[in-house]
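Just below is one structure, and these are the notes that go with it.
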Amino acid sequence: MGGMAKPERHSPALSPELLRRAFGAFPSGVTAIAGLVDGAPVGLAASSFTSVSLDPPLVSVCVARTSTTWPVLRTAPRIGVSVLADGHADIARAMAAKDGDRFADLDWHADEQGAVHVEGSGLWLHCSIEAELPAGDHDIVLLAVEQLEIFSDVRPLIFHASTFRRLDI
C-alpha cells in the first residue's frame with residue numbers, strides 16, 4: 001500500500017468548520033424541498049436527503065434548527081422533493097440563499113395538493129410530513145412518499161467538498 005497519504009488526525013477540537021470539511025468528503029445529491037404556503041412557493045435546498053424505508057415509502061431530510069424557511073414550509077399541505085439535475089447549480093444556490101425570492105428565475109410546477117417541484121429535475125417526490133425528530137443542531141424530517149415521477153435520462157447534480165460537481169458517466 002505504498003504511496004498512501006497519511007490522514008490528518010483531529011481531536012478533540014472538532015469545530016463546525018472541520019466537521020463541514022470532513023462530512024464534505026461524502027458526495028451527495030442535492031434536493032429542493034418546496035411547497036405552496038398561502039398560494040406562494042416556499043422552499044430550501046438540502047443535500048442531507050436519504051431514502052429510509054420501502055414499506056412504507058419514507059425518505060428523510062435534515063433541516064438546520066436555525067432555518068427561518070422550514071417553520072413556514074412545514075405548514076404546506078404537501079411537500080415536494082426535487083432531485084436537482086446537472087446544470088441546476090444556480091438553482092441550488094438560489095434555494096440555499098438566506099434572502100431574496102428563491103423562485104424568481106426558477107421554472108417550477110405545483111401539483112393540486114401544493115407540492116412544488118423544479119422543472120428539469122431527475123426525480124419528483126410528492127410527500128407529507130410523517131415526523132420530525134430533534135438531532136443536535138438539526139431536525140430530521142421524515143417524509144411519507146405518496147406519489148413519484150422519475151425522469152431517468154437526467155444526470156444528477158453532485159455536492160462534494162463544498163462544491164458542485166458532475167457525475168462522469
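Side notes on the structure shown:
- Residue satisfying all of: in the stretch 104-144; without any contact (Cβ under 8 Å) to a residue 40 or more places away in the chain and small (Gly, Ala, Ser); farthest from THR50 (Cα to Cα) among these: ALA104
- Note on the stretch 104-143: enclosed strands (runs of 3 or more DSSP E) holding 1 or more residues that are open to solvent by less than 10 Å² (accessible area, probe 1.4 Å) are 116-118, 123-135.
- Scope the stretch 144-155; condition in a loop (DSSP other than H, G, I, E, B) and open to solvent by 50 Å² or more (accessible area, probe 1.4 Å); matching residues: PHE151, SER152, ASP153, ARG155
- Reported count of residues in the stretch 24-61, each being open to solvent by 50 Å² or more (accessible area, probe 1.4 Å) and over 15 Å from the mean Cα position of the chain (by Cα), is 7.
- Exactly one residue among ALA76, ALA94 is at pLDDT 95 or above, crowded, with 19+ Cβ neighbours inside 10 Å and either touching an Asp or Glu at 6+ places or on another chain (Cβ under 9 Å) or part of a loop (DSSP other than H, G, I, E, B) (or both), and that residue is ALA76.
- Cβ-Cβ under 6 Å pairs, at least 6 apart or on other chains, the stretch 68-83 side touching a residue at least 40 places away in the same chain (Cβ under 8 Å), far side part of a loop (DSSP other than H, G, I, E, B): ALA76/GLY114; PRO77/GLN113; PRO77/GLY114; ARG78/GLN113; ARG78/GLY114; SER82/SER121; VAL83/SER121; VAL83/GLY122
The values are calculated or read from the model by the stated rules, or taken from the named source; none is laboratory data. Just so it is clear, the model here is predicted, and its values are computed rather than measured. As a convention, Cβ positions derive from the backbone with ideal geometry for all residues, glycine included, and neighbour counts pool all protein chains shown. Note: accessible area is taken over every heavy atom of the protein model, side chains too, but ligands, DNA and RNA are not part of it. Shrake-Rupley method; radii C 1.70, N 1.55, O 1.52, S 1.80 Å.
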